[in-house]
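The values are calculated or read from the model by the stated rules, or taken from the named source; none is laboratory data. Quantities reported herein were computed from a predicted structural model and do not represent experimental measurements. With ideal geometry, Cβ positions are generated from the backbone for all residues, glycine too; neighbour counts draw on all protein chains shown. To get the accessible areas, we keep the full protein, side chains included, count just its heavy atoms, and leave off ligands, DNA and RNA. Shrake-Rupley method; radii C 1.70, N 1.55, O 1.52, S 1.80 Å.
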Amino acid sequence: MSTQPRQFAAFSRLLHWTMAAMVLTMLCIGVAMVVSLGKYHVLVSIHRPLGIAILILVVVRFVNRLLNPPPPFPASMSRAERGAATAS
Amino acid sequence: MSEREWKMPTYREALGESERPRLGIPGTLARFALIGVALAAVAGAFAYFGGWLTPNALTPARLTDAFEHVGGVHAGFRRNHAKGVGVSGFFESNGSGERVSEAVVFRPGRVPVIGRFSLSGVQPYVADAPDEVRGLGLQFSLPDGEVWRTAMVNLPVFPFRTPEAFYEQLVASKPDPKTGKPDPAGMKAFLERHPETVQAMTVIKSQPVSSGFDNTTFHGLNAFRLFNSTGKSVPVRWLMTPMQPFEAASAASGPRDKNYLFEALIAQIQRQPARWHLILIIGQPSDPTHDATIAWPAERERVDVGTLTLDRVESEETSAATDINFDPLVLPAGIAPSDDPLLSARSAVYAQSFTRREGQAKPPSAITPADVRRGN
């Protein structure tokens, strides 16, 4: 118990929120590029490298999880919530 | 501290989680409202970018639908420039282009080329005619793995400035089922709204049409930007000028074979490779790059950067060009798009056409492998 961290490491949090912003941006660009004539090329040229960057960060995320294990679940979390959090 | 006062730490305290005061009803509601606002903002942005708030805007799918609406759906064929043959050969650069562009294709040497000659229009079995717009799509495969694709036509300028104008004209050109011709009132109204098209058509009609594909000049139409190794950029347009001598298309409207243009091209290439000069027209900063309906002044510098040789012709059934999307924005480093709105639109619509046709079984093309073997 004593070795478990009390909260997510700063790097884990940075990674999490950066990727959240990237994924949301990716979704918006994705739907925009299929309906745009004038911005199609610009959007595709952002979509591609952004997607590859997310893929690389997913790998970084896996490695980071091994190096910086997450804190235990708060006591207030239900069994179902814990299951969902672990599965995702 | 006495024994009595000592208390067993709770689980939360053991984890270092401080006990927070419970939220009241207003506090809880405020937090839910905040979550709601954040979700609505994301959903709204998604709807905005996805075009759900502007259902009448022109999209790549709607423009492609217009081709299908005007000329029918021809499964497996390109949605425009449907009739064609594949060709291959090489481009031999003479190094003159290196001054204006660092693109590997302009270094002295030879690169393989694969291409496709076509006639414009939605009909894959249309009868060849002198005034049908002729197309030449090319893909240069560079030694460093880059490719350069360009799709050219035999018009000196493009009749439409924007994708919206192109769409309007396309819809207006749908033949009336009663007369078999487009409604003249619709075309007249279009031309009244688009004087630039009238002007471009005058330029196009003043250029004599050649007798065949092999002695046709093909124009890249849209402007691009070239970057050389020092980072200097110039606007550019390009064209392919034939080394086969010009001969005007016959004015006589006698009976012609349905595929006479393609058959003559096959015979020509089988007899002797067909060759073109690749000419770069170097623009001045004042030359418009966003308007394909206007030609640049005739005195602009022209650089002959090398020779295209096409020594093999194939039916679409066997040619690798059949599955190439001649997207004009597949460019190597050293060539970049300009601000011409047609470029991005072409890229988007070609991708749409490609996706649709590649998912369908394609019936035999007008020019079959037997036609190519037979030659002429």
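Only one entry in B:Ser211, B:Ser229, B:Ser250, B:Ser206 is open to solvent by less than 70 Å² (accessible area, probe 1.4 Å) and of a type outside the set (A, V, I, L, M), namely B:Ser211.
When segment B:157-197 is filtered for residues that are closer than 21 Å to B:His290 by Cα and part of a loop (DSSP other than H, G, I, E, B), the ones remaining, listed by number, are B:Val157, B:Phe158, B:Pro159, B:Phe160, B:Arg161, B:Thr162, B:His194.
Scanning segment B:86-119 for residues that are in a loop (DSSP other than H, G, I, E, B) and either open to solvent by 30 Å² or more (accessible area, probe 1.4 Å) or modelled with pLDDT under 95 (or both) returns B:Asn94, B:Glu102, B:Arg107, B:Pro108.
The residues of segment A:4-17 that are more than 11 Å from the chain's Cα centre (by Cα) and more than 13 Å from chain B (Cβ to nearest Cβ), listed by number, are A:Phe8, A:Ala9, A:Ala10, A:Phe11.
Looking only at segment B:351-369, count how many residues are out of contact with any helix residue (DSSP H, G or I) (no Cβ under 9 Å at 6 or more places or on another chain) and touching a residue at least 40 places away in the same chain (Cβ under 8 Å). Residues that pass the stated criteria total 7. Of everything in segment B:63-83 that is open to solvent by less than 10 Å² (accessible area, probe 1.4 Å) and more than 16 Å from the chain's Cα centre (by Cα), the residue that is nearest to the other protein chains (Cβ to nearest Cβ) is B:Ala66. Taking segment B:260-287 as the range and being touching a residue at least 60 places away in the same chain (Cβ under 8 Å) and open to solvent by less than 20 Å² (accessible area, probe 1.4 Å) as the test, the residues that pass are B:Leu261, B:Phe262, B:Leu265, B:Ile266, B:Ala267, B:Ile269, B:Ala274, B:Leu278, B:Leu280, B:Ile282, B:Gly283, B:Asp287. Within segment B:301-328, being open to solvent by 20 Å² or more (accessible area, probe 1.4 Å) and of a type outside the set (D, E, K, R) holds for B:Thr307, B:Thr318, B:Ala320, B:Asn325. In segment B:222-238, which residue that is assigned to a strand (DSSP E or B) and among the β-branched types (Val, Ile, Thr) is farthest from B:Trp148 (Cα to Cα)? Among residues in segment B:222-238 that are assigned to a strand (DSSP E or B) and among the β-branched types (Val, Ile, Thr), the one farthest from B:Trp148 (Cα to Cα) is B:Val234. For segment B:237-256, name all the residues that are of a type in the set (D, E, K, R) and either modelled with pLDDT of 95 or more or touching a His at 6+ places or on another chain (Cβ under 8 Å) (or both). B:Arg237, the sole residue that qualifies. The set of residues in segment A:18-55 that are more than 13 Å from chain B (Cβ to nearest Cβ) and of a type outside the set (Gly, Ala, Ser) comprises A:Thr18, A:Met19, A:Met22, A:Pro49, A:Leu50, A:Ile52, A:Ile54, A:Leu55.
Pairs meeting the criteria (first residue in segment B:192-220 and free of Cβ contacts under 8 Å to residues at least 60 places away in the same chain, second residue of a type in the set (Lys, Arg) and open to solvent by 40 Å² or more (accessible area, probe 1.4 Å), beta carbons under 9 Å, at least 6 apart or on different chains) are B:His194/B:Arg161.
If you go through segment B:334-375 and keep only what is over 17 Å from B:Thr64 (Cβ atoms), among the acidic types (Asp, Glu) and surrounded by fewer than 17 Cβ atoms within 10 Å (Cβ to Cβ), you end up with just B:Asp339. Number of residues in segment B:17-62 that are facing chain A (nearest Cβ under 9 Å) and more than 30 Å from B:Leu170 (Cα to Cα): the value is 4. Restricting the first member to segment B:37-52 and to residues that are free of Cβ contacts under 8 Å to residues at least 24 places away in the same chain and in a loop (DSSP other than H, G, I, E, B), and the second to residues that are surrounded by 13 or more Cβ atoms within 10 Å (Cβ to Cβ) and of a type outside the set (Gly, Ala, Ser), the beta-carbon pairs closer than 7 Å and six or more apart or on different chains are B:Gly50/A:Val31; B:Gly50/A:Val35; B:Gly51/A:Val35; B:Gly51/B:Thr59. Taking every residue in segment B:155-171 that is within 13 Å of chain A (Cβ to nearest Cβ) and more than 25 Å from B:Phe213 (Cβ to Cβ) and pairing it with any residue that is assigned to a helix (DSSP H, G or I) and open to solvent by less than 50 Å² (accessible area, probe 1.4 Å), at least 6 positions away or on another chain, the pairs with Cβ-Cβ distances below 6 Å are B:Arg161/B:Glu196; B:Thr162/B:Pro341; B:Pro163/B:Ala345; B:Tyr167/B:Leu63; B:Tyr167/B:Ala66.
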